[in-house]
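A quick write-up on the structure given underneath.
Laboratory data are not the source of any read-out in this text; all were calculated from the coordinates shown. Remember, predicted model here, so these are calculated numbers, not experimental data. Neighbour counts run over all protein chains shown; Cβ positions are idealised from the backbone, glycine included.
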């Protein structure tokens, strides 16, 4: 089998990913071309770009799904060794952290969507449940955040006392509860509703208002406040 057509260095210089990036900027490159730059080379049968296209096709060209592949998953593709797999995982993790930093720059909460933007990078694509609390001041600015518990696939336990201990030390006037549903459904369970009510009642006693409770998934969320459940 001839392999010259699969070698990027034989392509027109304007079509080579690295040169294209230098000459036209990163926005001119497709996702596959960007991944090709990360891995550097393909295998004897295909170029880095073709190999990257095949990897992306395996996750329906969804970068969020690509980020969930492990190093072992990536190494299942011919031409992807440990070093190349690590490069892909590292690049996607950096992208995730960049998004998280941008979200954390949101200092004032004005809507449930703003809460989602803060929390989705933290818990949106986890495979287990985590329960977080955002602590706010009178201006609805975030003055603290904390993960209170980590659970399994279907739930997590929360100690109400631990919810309000940081609130008292931070002199918070309001809190927002957040947890994720690994199943992808945003509908609150009966236990979600009961826990929300329990924390709300405790907050009333301490004069700390529960402003909202968000259920977060990879792409969407449910707001107790928006749905008049608070």
*Rounded to the nearest 10 degrees, what's the angle between the helix 160-170 long axis and the longest principal axis of the chain, both from Cα atoms, 0 to 90?*
90 degrees
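Which percent, nearest 5, of DSSP beta bridges in the chain are antiparallel?
Values: 17 of 24 bridges.
Given both bridge residues lie in the chain, the antiparallel proportion sits at roughly 70 percent.
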_Most fluctuating residue given options 216, 115, 133, as computed from a GNM of the chain linking Cα atoms under 10 Å_ = 133
*Please work out the Cα center distance from segment 128-180 to segment 73-89, rounded to the nearest Å.*
37 Å
*Arrange the peptides 141-149, 46-54 so that the one whose residues have, on average, the most other Cβ atoms within 10 Å appears first.*
46-54, 141-149
*asked:* Using a Gaussian network model on the chain with a 10 Å cutoff between Cα atoms, which of 74, 29, 126 fluctuates the most?
replied: 29
*Most mobile of 205, 185, 196 in a GNM of the chain (Cα contacts under 10 Å)*: 205
*Virtual spin-label span in nm between residue 219 and residue 93, 7 Å along Cα→Cβ*: 2.6 nm
*For segment 4-101, just say rounded, prolate or oblate: build the C-alpha gyration tensor, square-root its eigenvalues into a ≥ b ≥ c, call rounded for a/c under 1.5, and beyond that prolate if a/b exceeds b/c, oblate if not.*
oblate
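At 222 nm, what helix-only mean residue ellipticity would the chain give, in deg cm²/dmol to the nearest 500, using -39500 (n - 2.57) for each DSSP H run of four or more? Could you put the intermediate results ahead of the total?
Details: 9 runs with 99 residues, N = 230.
Mean residue ellipticity at 222 nm (helix-derived): -13000 deg cm²/dmol.
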*Using only Cα atoms, locate the centre of segment 190-230 and the centre of segment 25-58, then give the distance between them in Å, rounded to an integer.*
44 Å
*In which sequence would 70, 112 go, from the one with the fewest C-beta neighbours within 10 Å to the one with the most?*
70, 112
*What Rg and what Dmax come out for the chain when only alpha-carbon atoms are used, in angstroms?*
22.6, 77
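Quick check on segment 21-66: take the gyration tensor over C-alpha atoms, sort the square-rooted eigenvalues as a ≥ b ≥ c, and tell me if it's rounded (a/c under 1.5), prolate or oblate.
Values: a/c = 2.50, a/b = 1.14, b/c = 2.18.
Oblate is the answer for segment 21-66, as a/c is 1.5 or above yet b/c matches or exceeds a/b.
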_Helix 112-123 against the longest principal axis of the chain: what's the angle in degrees, Cα atoms only, rounded to the nearest 10?_
60 degrees
_Inter-site label distance for residue 226 and residue 185 at 7 Å from Cα along Cβ, in nm_ = 1.9 nm
*asked:* At a 10 Å Cβ-Cβ cut-off, how would you order 87, 223, fewest neighbours first?
replied: 87, 223
*Between residue 205 and residue 31, how many nm apart are label points set 7 Å from Cα along the C-beta direction?*
4.9 nm
*May I ask for the angle, rounded to the nearest 10°, between helix 190-206 and the longest principal axis of the chain, with both axes built from Cα atoms and the value confined to 0 to 90°?*
50 degrees
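Rounded, prolate or oblate for segment 132-189? Axes are the square roots of the Cα gyration tensor eigenvalues, ordered a ≥ b ≥ c, and the cut-off for rounded is a/c under 1.5. List each step's numbers first, then the result.
Working: a/c = 3.02, a/b = 1.83, b/c = 1.65.
In terms of gyration-tensor shape, prolate.
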*Note down the Stokes-Einstein diffusion coefficient of segment 106-223 in µm²/s, whole number, using a Kirkwood radius over alpha carbon pairs, 25 °C, and 0.890 mPa s.*
175 µm²/s
